[in-house]
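The structure appears right after this line, and notes come after that.
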Amino acid sequence: MPQYIRLIAQGKYTDAYMVNRESNVFPAILGRTCDRPCEPACRRGRLDGAPVAICRLKRVAADLKGDISHLLPKIPTESNGKRVALIGAGPSSLTVANDLRPLGYEVTIFEKQNKPGGLMRSNIPSFRLPEKVLDDEVGTILDMGVDIRYNSPVSSLQGLLNDKYDAVFVGTGAPRGKELDLPGRKDTDRIHIGIDWLESVAFGHIDKIGERVLIIGVGNTAMDCCRSSRRLGGKDIKVMARRPRGYFKASPWELDDAEEEGIDIVINHAPKRFVVENGVLKGMEFERLEWDAEAKKSRVIDEVFLPADDVILAIGQENAFPWIERDLGIEFDKWGMPTVDKATFQSTRPGVFFGGDAAWGPKNIIWAVAHGHQAAISIHNHCQGVPVTDRPKQGSNLVSQKMGISEWSYHNDYNPSKRQKMQHVELTKRFQQLNIEVELGFDPEQTAREVQRCLNCDIETVFVEKRCIECDACVDICPVQCLTITRDGEESELRTRLSAPATNLEQAIYASNPLPQTGRAMVKDEDVCVHCGLCAERCPTAAWDMQKFDLLIPYAGAPNSGVSCTTSSVLA
Amino acid sequence: MPSIAKPIATHPTLQRNALGLTIRDYEGSMSTLCAGCGHDSITAAIIRALWELDTQPHMVAKLSGIGCSSKTPTYFLSGAHGFNSAHGRMPAIVTGAGAADRDLLYIGVSGDGDSLSIGLGQMCHAIRRNIRMAYILENNGVYGLTKGQFSASSDIGSKSKRGEPNRMAPIDPVRLALSLGATFIARSFSGDKEQLVPILKAAFTHRGFALVDVVSPCVTFNDHEGSTKSYKHTRKNTLRATQADWVPPQSEILAQISKSGTTSVAMHDGSVVHFSTVPKDYDPTDRRKVAAYLDDQPANAVVTGLLYIDPNAPDMHELGQSSPTPLRDLAYEKLCPGSAELERMQEEFR
Ligand SMILES: Cc1cc2nc3c(=O)[nH]c(=O)nc-3n(C[C@H](O)[C@H](O)[C@H](O)COP(=O)(O)OP(=O)(O)OC[C@H]3O[C@@H](n4cnc5c(N)ncnc54)[C@H](O)[C@@H]3O)c2cc1C
Ligand SMILES: Cc1ncc(C[n+]2csc(CCOP(=O)(O)OP(=O)(O)O)c2C)c(N)n1
Ligand code: SF4
Ligand code: SF4
Ligand code: SF4
Ligand SMILES: [Mg+2]
């Protein structure tokens, strides 16, 4: 990640995009929609409380990149003689196609809808993810020569297997929205299943909603439902939560965005029944709850009625595989989920693989992509007669970043800027059309500040004890008291007698072998190291050095490729 | 010169002293010395000592002469007063400044060249007058700034970088100060902050001239095999004569008492210097015993510790019976009573 952040800092947006595309395939899409599992891990948060806006920086690179066609992998004109069928055109299948086409596989995608993208198209609203952005990145993959068949739901896996594909990948997602079986549920047509309703909106079958809307559930689907309602005529929109704040499934930023748009989030209300009179939905009855401190046990205080013209159920998704026959050697558990190997993504029938939401239930796009990469490795192995368990290993490289005395190949200064705030389209303009993208993206100054917040965590301090003369220069210069020269000891005790106490127990501390002159150890607590390189600059003997760590992630047909190939262009 | 200034990022648990300042508030600008120079480590020790003493930055004056060592006052306490004098002349400036403002803490930083060659006479007279100052002699056995010539503290036989041995006898600032009647004499090593920081704290509270001779290796010109001022040689030959701890006024002495005996010396401001380790029969307030002890140690030993202390000797102001009010606070008419008064005084001598 720091790699592409540095490229953005240098204005090399196309290079940054390509580095990013290698692993995540959809930088422009994810730069707008990612669940950001990486941001809590970002070490910047340990210093000033807010991680680098990694996700939104991806979008900057994607929006400003130039032509990439010449940088994409070459697609062989000849087939390698192997045929692979992918079911569903969501991000997981598209990633498999992206990895296999350059190897000469004939790839056929069967898609139920008349357009590609899966939930990215049918459920993520266009005010978060413009259609153009989706078309662009999905198109890049389909243009690799993928045979995609629209309006082609697979209704029998047996049937497909009869066509003698060399491998089949199931990327059909978790297509079924959960029901809420309460009195009155079937007495009206104004109660909608969230993901189906969003799909109808996306495909233009629904273009309005009543003024008073209740959304049941407070996950990310609920956020998309309430904000879409706001754009289709909803005025009084309430998202109904059973539990108090802090226990919601929705990401904090999605909640913020919804509340900014005037959506009410109502806590501690459990749905009791739908009130329908003469086939007309009047509203819903709820039990008001009081929770204990951990929000584990609740007590009903009273009951309330809330009026509504429409109710949208957004309480989760389920998998459903009615089209997979149960006598094909594919094992299912008692909840109807397939048995899928965590490493190979293969089902119990060799040659049939699962990935994305279809494998273990609903997750997110970045996981679907990661599954796709791994499944592609397995499919490649399977087709080449190599055991699927025989997986290429991750590699790594460590390269010094020293360019001269007090000169580094990276920008080593620390920028004290706070995390930049994403600008939004004004509220007055935002609702005029369903597809007005709300987030404006970072402007150039914000981008410049945000990239400099990155602490270059891939550039590691590397120590060679035999060179150290124990002059203390590194210990004295370190701005964040990472370093100590002291007698070695048992870790938990050692942590207490460092230049600053090492309180983050999740961060291992480094202790060198005995130093030549006194036999003490050089100890480093990495916790808040800002990788400024001053320890290495002030070291007279180069006992400390700043070295760039490259993780070489293998992809199908390209063991140990990964970011390294782009690294050289950065250093050049 | 480092590529960047020290980042303002700090450790989340960074502590504050009684004034609400962090140790970072006691820093100066970035050092331009060679990476690994002992002088930088002494700078870090000074920063720590001042922070731990809750020193108010504007109540400190830092003064120096010429040399790499003399550059270092720029690298600590940017909020203090400062004066960079001519080569070897720092003591004269401190004497004048001290006369005008007796309330400031004077920190003089010098080198072995600055102090023991061109400035030797100046240093001797500052000792003689018992000027109230901490005199930190950053001793590397060479003229670092002028590229490594032997200095007057270089030991006989110590080799230059090119391999030539020094033939002239060294001047030992500790012995010199002892013989001149200095009232606080210590030696330490830049690579031993555990010892150096408490010594500096004691020196900063001493009411008189406090000499702290600190062996401070010059990594560029005098850290090779054959040098007697290298990191390695110093570590190998250090003989820690005393371990002193500075204990603030009104606090209990909790330091461990070791087998080799213990002794405490009350300082003028009510603080106490507590010696947790001293050799048998060693009395840090008895000049002759200290001299005898030094005579008994092997020739190559680098004897360190707070070696001699006399907290009660009169300083320059007491000797000269100068105004208890700092001159800077006296009204102009009092400081300069006019030509009639001058006339009258001169008349007295006619
Ligand atoms: C409302 C909502 C908002 C979301 N927002 C985000 C977000 O902001 N960020 C994020 O990272 N994730 C988000 N997600 C989750 C994310 O969209 C999914 O995790 C991801 O799309 C899963 O990808 P997939 O490849 O497994 O399948 P899907 O995207 O579900 O695609 C499956 C495809 O298979 C097709 N299909 C299904 N059955 C058949 C069949 N039998 N034959 C042929 N085709 C079939 C479907 O039509 C569909 O096109 C959201 C989900 C929802 C519901
Ligand atoms: C009057 C005068 N004479 C000579 C010099 C040249 N000169 C500059 S620094 C120095 C010696 C410094 O040695 P030291 O005090 O030991 O400092 P170090 O650099 O070793 O820390 C000399 C002789 C000078 N600057 N001014
Ligand atoms: S790079 Fe070195 S000096 Fe900078 S924060 Fe990390 S350990 Fe400290
Ligand atoms: S600066 Fe280099 S030589 Fe000095 S203590 Fe640190 S690692 Fe050792
Ligand atoms: S020349 Fe020697 S004394 Fe001067 S800065 Fe370099 S190492 Fe230090
Ligand atoms: Mg010198």
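Each reported figure results from applying straightforward, stated rules to the coordinates on display, with no laboratory input. Computed from a predicted model, the values in this text were never measured in an experiment. Neighbour counts run over all protein chains shown; Cβ positions are idealised from the backbone, glycine included.
For chain B, modelled as a GNM whose springs connect Cα atoms under 10 angstrom apart, the maximal fluctuation among B:Leu105, B:Leu327, B:Leu306 occurs at B:Leu327. Across the range A:43-57, computed HN-Hα scalar couplings (Karplus, 6.51 cos²θ - 1.76 cosθ + 1.60, θ = phi - 60°) run 6, 4, x, 6, 8, 10, x, 10, x, 5, 6, 3, 4, 5, 6 Hz from first to last residue, x flagging Gly and Pro.
For labels at A:Thr503 and A:Asp488 in the simple 7 Å Cα→Cβ model, what's the distance in nm? Distance between the two pseudo-spin positions: 2.8 nm. Around the Cα centre of the protein assembly as shown, unit charges on the Cβ atoms of Lys, Arg, Asp and Glu (plus for the first two, minus for the last two) sum to a dipole of about 1000 debye. The value of relative contact order for chain A, using C-alpha pairs under 8 Å at least six residues apart, is 15 percent. Backbone amide hydrogens, once placed in the peptide plane, bring A:Ile109 within less than 5 Å of A:Leu86, A:Asp147, A:Ile148, A:Arg149, excluding anything fewer than 5 places away on its chain. Under the rule a/c < 1.5 gives rounded, and otherwise a/b versus b/c splits prolate from oblate, where does the range A:177-316 land using the Cα gyration tensor? Cα axes put the range A:177-316 in the oblate bin. Counting other Cβ atoms within 10 Å as a rough exposure proxy, the listed residues A:Ile477, A:Ile5 run A:Ile477, A:Ile5 from fewest neighbours to most. Take every DSSP beta bridge whose two residues both sit in the protein assembly as shown; close to 50 percent of them are antiparallel. Extension gain for B:Ile8-B:Arg24 works out to 4.9 nm (0.36 nm per residue, less the C-alpha to C-alpha distance).
Taking 1.002 mPa s as the viscosity and 20 °C as the temperature, the Stokes-Einstein diffusion coefficient of chain A based on its alpha-carbon Kirkwood radius rounds to 81 µm²/s. Computing FRET efficiency as 1/(1 + (r/R0)^6) for A:Glu331 and A:Leu440, where r is the C-beta to C-beta distance and R0 is 45 Å, gives about 0.40. Sorting B:137-146, A:348-357 by average packing, meaning the other beta carbons within 10 Å per residue, from highest down gives B:137-146, A:348-357. Highest-first packing order for the peptide set B:188-195, A:225-232 is A:225-232, B:188-195, based on the mean count of other beta carbon atoms within 10 Å. GNM remark for chain B: springs join alpha carbons under 10 Å apart, and the peak mean-square fluctuation among B:Arg240, B:Arg16, B:Arg129 falls on B:Arg16. Placing unit charges on the Cβ atoms only, positive for Lys and Arg and negative for Asp and Glu, gives the range A:177-316 a dipole magnitude near 320 debye about its Cα centre. Ranking A:His269, A:Leu306, A:Gly233 by Cα position along the charge dipole of the range A:177-316, where only Lys, Arg, Asp and Glu carry charges on their C-beta atoms, puts A:His269 farthest toward the positive end.
Figure legend: label point modelled 7 angstrom from the Cα of A:Arg273 along Cα→Cβ; residues of the range A:303-341 with amide N under 16 Å from it are A:303-307. Within 10 Å of the Cβ of each residue in A:532-538, the mean number of Cβ atoms contributed by other protein chains is 5. Modelled spin-label separation between A:Arg391 and B:Tyr332, with each label point placed 7 Å from Cα along the Cα-to-Cβ direction: 8.5 nm.
Quick check: the angle from helix A:13-24's long axis to the longest principal axis of chain A, C-alpha only, nearest 10 degrees? Relative to chain A, helix A:13-24 is tipped by roughly 70 degrees. Pairs of Cα atoms nearer than 8 Å and 6+ residues apart set the relative contact order; for the range A:177-316 it is 32 percent. Around the amide H of A:Lys282, modelled in the peptide plane, lie the amide H atoms of A:Val275, A:Val276, A:Glu277, all under 5 Å away and 5 or more residues distant in sequence or on another chain. The charge dipole of the range B:23-327, taken about its Cα centre with unit charges on the Cβ atoms of Lys, Arg (+1), Asp and Glu (-1) only, comes to about 720 debye. With the simple model of a label 7 Å out from the Cα in the direction of the Cβ, A:Asp341 to A:Ile405 spans 5.8 nm. Amide H contacts for A:Ile193 (H built 1.01 Å from N in the peptide plane; partners 5 or more residues away or on another chain; cut-off under 5 Å): A:Leu313.
Between B:Ser230, B:Ser339, B:Ser70, the GNM of chain B built on Cα springs shorter than 10 angstrom shows B:Ser339 fluctuating the most. Each residue of the range A:289-294 was assigned a 3J(HN,Hα) from its phi angle through the Karplus curve 6.51 cos²θ - 1.76 cosθ + 1.60 (θ = phi - 60°); the sequence is 10, 10, 9, 6, 4, 8 Hz, with glycine and proline shown as x.
Extension gain, A:Val425 to A:Asp264, is 55.9 nm, computed as 0.36 nm per intervening residue step minus the present C-alpha separation.
Backbone geometry of the range B:146-161 corresponds, through the Karplus equation with coefficients 6.51, -1.76 and 1.60 at θ = phi - 60°, to 3J(HN,Hα) couplings of 9, 5, x, 5, 4, 10, 6, 9, 6, 6, 4, x, 5, 9, 6, 4 Hz, x marking Gly and Pro. Across chain B, Cα pairs under 8 Å and at least six residues apart give a relative contact order of 15 percent.
Over the Cα atoms of chain B, the radius of gyration divided by the Kirkwood radius equals 0.99; this is the Rg/Rh ratio.
Between A:Val300 and A:Val280, the contour length at 0.36 nm per residue exceeds the alpha carbon distance by 4.4 nm.
Most tightly packed first, judged by the mean number of other beta-carbon atoms within 10 Å of their residues, the peptides A:181-188, A:216-223, A:137-144 read A:216-223, A:137-144, A:181-188. What is the calculated FRET efficiency for A:Ser200 to A:Lys74, with r their C-beta to C-beta distance and R₀ = 56 Å, to the nearest 0.05? That gives a FRET efficiency of 0.85.
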